[in-house]
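Input: a single structure, listed below in C-alpha cells.
The values are calculated or read from the model by the stated rules, or taken from the named source; none is laboratory data. No experiment lies behind these values; they were computed from the predicted model shown. Cβ placement follows ideal geometry from the backbone for every residue including glycine, while neighbour counts extend to all protein chains displayed.
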Amino acid sequence: MTAPTRTLLNRTLNLALLLAGAFMMGSGWIMAERLPQGRAYHDLTILGLSRHGWGGIHTWVGYAMGAMVLAHLALHTAWLKRIAAMRRPWLLGLGLGSAAAIILILAVILPVRG
C-alpha cells in the first residue's frame, strides 16, 4: 500500500475539520438551547445524552479539532510563510503568537480553583 499523497491528506484533513466544526457548532447549540443548565432540567436528554454527556463529547471533539488545526498549519507552512505573511515573518509570528496567547490565558491563567 502506498502512502497517501499530500493532496489526499489535505482533502481528508479539510473534510475532518469541516465535520468537527459542524459538530462543535451543533453540540454547542444543543447545550445552550436544548439542554439548559439547572436542576429543573437534569432529566433532559437528546439521543440518550444529558448536558454533561454532550459536554464531554464536545470537549474531546474540540481537542481533536485543535490537533487537526495544528496538522493543517504544518501542511501549509510554506503557504503561510509565502502568502499569509506576505514574506514578513513577524506577521506570521504575530498571528500564531496571538492564538497561543489566547489559549494560554483561557486554559492556564484564568482558571481558579478554590
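Here are the numbers for the structure shown:
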read-out: Selection within region 29-54 - assigned to a helix (DSSP H, G or I) and either aromatic (Phe, Trp, Tyr) or in contact with a Leu (Cβ under 7 Å, 6 or more places away or on another chain) (or both); value: Trp29, Tyr41, Arg51, Trp54
read-out: Test: residue in region 26-43 that is touching a residue at least 24 places away in the same chain (Cβ under 8 Å) and either within 15 Å of the chain's Cα centre (by Cα) or not assigned by TED's automatic domain parsing to the domain that holds Pro4 (or both); value: yes
read-out: Flag if Ala101 is exposed (fewer than 10 other Cβ atoms within 10 Å of the Cβ) and at pLDDT 85 or above; value: no
read-out: Residue that is nearest to Met25 (Cα to Cα), among those in region 57-94 that are at pLDDT 95 or above and among the hydroxyl-bearing types (Ser, Thr, Tyr); value: Thr59
read-out: So Leu17, is it surrounded by 12 or more Cβ atoms within 10 Å (Cβ to Cβ) and either touching a Pro at 6+ places or on another chain (Cβ under 7 Å) or in a helix (DSSP H, G or I) (or both); value: yes
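The rows are residues; the columns are (1) in a loop (DSSP other than H, G, I, E, B); (2) of a type outside the set (Lys, Arg).
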position	(1), (2)
Met65	no, yes
Ala78	no, yes
Arg82	no, no
Ala100	no, yes
Ile105	no, yes
Val112	yes, yes
